[in-house]
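Student: My questions all concern the structure below.
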Amino acid sequence: MKPASAALLLILPALLGGCGDGQDTGDTGQHKRPVHRVETLTVRSEPVSLQPERAGSLKIRRQVRIHSQEEGRITQLPFFEGDAVKEGELLAGLDDSLLRAELQKAEANLHKARLDAERLAGLADKRLVSEDERARVSTSLEVAEAEGNLLKTRLDHTRITAPFAGLVSERLVEPGDLVARFDHLLTLIDPDSLIVQVSISELLLPSLTRGAPVAIRIDALPGEGFRGRILRIHPRLDAASRQGTVEVSFEQVPPLARGGQLARVSFSIPPRDRLLVPFTAIQRDREGEYLFLARQGKAHRVRIETGLRIGEGVEVLSGLAPGDQVVTRGFMGLTEGKEIGTHE
């Protein structure tokens, strides 16, 4: 080997040993991991009042379907849809000629039975009639009276009157039609019983009370607002939607309002201390919802239970405490125990 080549081989290892990878190794010679930068928000418990608005439908609470209790031909049906009727007015009349003839026959039988009873009563005083004969005549009199009362009741059923003052909403038959027993003839509604029926989340229901004031808007009546109160809160929830039904009454029913119209109800819920976090801070996996918290320079993953969404925030019901620092940005690559650098 030439002297120049041998010198070059001796210099090269020295040069290689003096070169580094350009990173600070520290005293231990190990590489220092970069800090994961995140943004955080300190959570505070603050009183929050709510005024949620929910859409619902106008509904007639009091209505009755008028059915026939006798069969026959319709002879009277004076009212049409939208007509106002007074309590006790005739809604429908049926042909009663056959029943009247049967009643006349029953009354004749009753008259005969009474004469027989009076005649036997005189003979009984003279002990000229047996006890069996007296019992037979007495039973015949009772049967005749019962038949007469039955026919009078059936005759009353051929005249159907309004059980309350209201409006006719359905007319399903016409004069001359033959109807059977229990056929649906008309429907009568009470317009003063108009309410708003809305579906409310199970999370809001505990904050509502019967009699609480509400504001009502009806889309078909723009520009007008109406006052009302919570009439009743149904005790059962829909298992699929977790929604409950709330009925709202008007302080004064709008004259142009109609059942089936769309209405919007604004509820006033008094202030209550709530823990709110931004909606974007909540993470989800197969097990549910969780947050990342910043504690002593490291990320910690905690399971939470959420409640209402309020604006851009979400109420946290459990898993979080006032003063906790919630990570709001910088989730990419963030894991449990990772060192983080924070700024709010």
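Student: Which of the following residues is farther than 30 Å from Ile230 by Cβ and either of a type in the set (Lys, Arg) or touching a Gly at 6+ places or on another chain (Cβ under 7 Å) (or both): Glu289, Glu339? First the steps, then the outcome.
Tutor: Values: Glu289 fails: either of a type in the set (Lys, Arg) or touching a Gly at 6+ places or on another chain (Cβ under 7 Å) (or both).
After applying the criteria, what remains is Glu339.
Student: Also: Inside the stretch 233-252, can you point out the residues that are crowded, with 16+ Cβ neighbours inside 10 Å and more than 15 Å from Leu205 (Cβ to Cβ)?
Tutor: Ser249, Phe250 - these are the residues of the stretch 233-252 that are crowded, with 16+ Cβ neighbours inside 10 Å and more than 15 Å from Leu205 (Cβ to Cβ).
Student: Could I ask something else about it? Anything in the stretch 308-337 that is loosely packed, with under 13 Cβ neighbours inside 10 Å and over 26 Å from Gln51 (Cβ atoms)? List them, or say none.
Tutor: Listed by number, the residues that qualify are Ala321, Gly323, Met332, Gly333, Thr335, Glu336, Gly337.
Student: While we're looking at this one, here's another question. Which of (1) buried (at least 17 other Cβ atoms within 10 Å of the Cβ); (2) at pLDDT below 90; (3) under 30 Å from Leu221 (Cβ atoms) is the odd one out, the single condition Ile340 does not satisfy?
Tutor: Among (1) buried (at least 17 other Cβ atoms within 10 Å of the Cβ); (2) at pLDDT below 90; (3) under 30 Å from Leu221 (Cβ atoms), the lone unmet condition for Ile340 is (3).
Student: Taking the stretch 180-215 as the search range and keeping residues that are without any contact (Cβ under 8 Å) to a residue 60 or more places away in the chain and part of a strand (DSSP E or B), which one is surrounded by the fewest Cβ atoms within 10 Å (Cβ to Cβ)?
Tutor: Here the answer is Pro213.
Student: Just a yes or no: is a residue in the stretch 109-132 closer than 30 Å to Arg73 by Cα and either more than 53 Å from the chain's Cα centre (by Cα) or at pLDDT 85 or above (or both)? Spell out how you get there, then give the answer.
Tutor: Step one: filter the stretch 109-132 for residues closer than 30 Å to Arg73 by Cα, giving 109-110.
If we keep only those that are either more than 53 Å from the chain's Cα centre (by Cα) or at pLDDT 85 or above (or both) as well, we get 109-110.
Yes, some residue in the stretch 109-132 is closer than 30 Å to Arg73 by Cα and either more than 53 Å from the chain's Cα centre (by Cα) or at pLDDT 85 or above (or both).
Residue-by-condition table, conditions (1) in a strand (DSSP E or B); (2) in the same structural domain as Ile218 (by TED's automatic domain parsing); (3) over 23 Å from Pro222 (Cβ atoms); (4) at pLDDT 95 or above:
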| position | (1), (2), (3), (4) |
| --- | --- |
| Ala239 | no, yes, yes, no |
| Gly244 | yes, yes, yes, yes |
| Arg264 | yes, no, no, yes |
| Thr280 | no, no, yes, no |
| Arg284 | yes, no, yes, no |
| Phe292 | yes, no, yes, no |
| His300 | yes, no, yes, no |
| Leu308 | yes, no, yes, no |
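Student: Step by step: first the residues of the stretch 48-68, then only those that are surrounded by fewer than 16 Cβ atoms within 10 Å (Cβ to Cβ) and of a type in the set (Lys, Arg), then the one that is nearest to the chain's Cα centre (by Cα). Which residue is that?
Tutor: Arg62
The values are calculated or read from the model by the stated rules, or taken from the named source; none is laboratory data. Everything numeric in this text was worked out from a predicted model, so none of it was measured. Quick reminder, even Gly has a Cβ in these numbers, built from the backbone with ideal geometry, and neighbours come from all protein chains shown.
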